[in-house]
Amino acid sequence: MALYLLFESASGYALFHTHGVDEIGQGVDAARASVLELQRFSKAVKLAGFSPFSSAVDALNQCNAISEGIMTDELRSFLELNLPKVKEGKKAKYSVGVMEPKVGSHISEATGIPCQCNEFVQELLRGVRLHFDHFIDQLKVVDFTFALVSTPTDLEKAQLGLGHSYSRAKVKFNVNRVDNMVIQAIFLLDTLDKDINSFSMRVREWYSWHFPELVKIVNDNYIYSKIAKFVVNKSDLAEKDIPALADLIGDEDKAKEIVEAAKASMGQDLSPVDLINVQQFAQRVMNLSEYRKNLYEYLVTKMNDIAPNVTSLIGEIVGARLISHAGSLSNLAKCPASTLQILGAEKALFRALKTRGNTPKYGLIFHSSFIGRASTKNKGRMARYLANKCSIASRIDCYSELNTSVFGQKLREQVEERLDFYDKGIAPRKNLDVMKAAIDDMTNAASEDGDGKEKSNVSAKKSKKKKSKGEIDGEEMDLDKPSKVAAEAEPETEKKKKKKKHKLEEPQDQEMAVNGNVEQDETPKKKKKKNREASEDVEPKTATEGKKKKKKKSKTEDYDV
């Protein structure tokens, strides 16, 4: 059976036909050694066809398709053109060797061409890649103006350009939804918490040599650092400093207590140089605490942009820890609920598997408030249920194009209902009904946004129409004059009246066409129209009544005769 080799280069698709593969060697080791010799390899492998890419964009698209295991239309036409045709009802007497098994399976499913991918084929393709520039020299006769590679330097340039564009396309994401920033921020936040804690304890120990009573009065580390920077020397503290201390602490009673404790302090005196060093170190701790607050606000905003549903379900910190531990939001979305439940407790899990003990019930999600609110016997159930909802929320955040937190809020309501079910026995809603309600809320919110834009456009149109209202009113006044003149004039025949009515109705129809789309309250203008229509309805009735009277008179005359 003949063997063809499909090679995807940076410049185009190439198809090679192998002759006398047995001469190269039956085994993989022999083939691996023989592909290094160009003279021997070129006798066994011949170029059967080459199709260059039309542009760099086309090359990138083809490369992406190959990496995903998809056969493009260009590749299919290239294979059908260069491979021998097979009659209907008969099997092909050849096979195609490919580097990617997914591409081979797709080719065989779509076209029926038999493909194979094994170590022997891969060694042959490795030799083709090694000596590809020598095979391309055979195509110099053909005039390819845009993508023909004739020299090794051109081939290297094509490979370098395609490699850069392929790598750029792989790492090109939405700037506002890069989860790497969340991973770095949560790592830095944990480091800052440890550093601030250790530095604050160092400030307390250092300044307690001078003012030991301050530790029992002030418990907060940040406020302690502020007071240590403000007081510096306890002997200089007086009652005039009570308002300033009250502003720092927020409590005037504690400020008075600090002043009284400074007067009767048992601490030793420090030199001015030592006090300056304590003051500078306290300032560093304050700066770190302020930076930690800013970093937390940054993390909250980034989590609302990247994973709004996970954030609304379990909070920013726990959600960021899950994303950080999984490696990315996409990795977290790929995790099943059972893996997400024990994410962060891997050591305990493997220790339990090794010792055949009880496996852990929860990992990082233990820090969620829902686990703490559940009773002891229901903590495992609550962790399993919460992991299920976190898995749903992470997949929505990862694969949804709309940045909305509606699903996260609904999932949080479900967790609350599950807590009530465990405590009070109240039956929760079904997941299907909750998801339908979330979709309805999302569509309603989108429609409200669209209605707001339409209302602004309608209000602009109304303002334009109000400007032209004066001109329309002038025309209506002109149309009212003939009706008044006709009412004051002497009565005429019915045919003339109908003609005048017809003439008056034509301009009225024009007015109604102009003002048909504008909604306004009833005005005197409309009242005039109603009166006019009422008069028109009354006049034909009088005419019909006259005819009826004439008919009655004629009937009575006949009876008299």
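Throughout, read-outs are computed from the coordinates displayed, never taken from laboratory work. Treat the numbers as computed from the prediction; the structure is a model and nothing was measured. Please note: Cβ atoms are built from the backbone with ideal geometry, for glycine as well, and neighbour counts cover all protein chains shown.
Computed extension length for Glu80-Thr355: 93.0 nm, one decimal, from 0.36 nm per residue of separation with the Cα-Cα distance subtracted.
Pairs from the list Lys226/Lys347; Lys354/Lys424; Lys347/Lys436; Lys194/Lys229; Lys157/Lys334; Lys361/Lys430 with a Cα-Cα gap above 32 Å: Lys226/Lys347; Lys354/Lys424; Lys347/Lys436; Lys157/Lys334. Each peptide among 225-232, 360-367, 395-402 gets the average number of other Cβ atoms lying within 10 Å of its residues, and from highest to lowest they stand as 225-232, 360-367, 395-402.
One decimal place: the segment Arg168-Asp441 gains 94.5 nm when fully extended, by the rule 0.36 nm per residue minus the C-alpha distance.
Segment His367..Glu416, full-extension length gain: 16.0 nm, with 0.36 nm per residue of separation and the alpha-carbon distance subtracted.
The packing ranking of peptides 268-281, 375-388, 67-80, highest mean first, is 375-388, 67-80, 268-281, where packing means the average number of other beta carbon atoms within 10 angstrom of each residue. The count of lysine pairs in the range 2-134 that are at least 8 places apart or cross chains, and whose C-alpha atoms lie under 23 Å apart, stands at 6.
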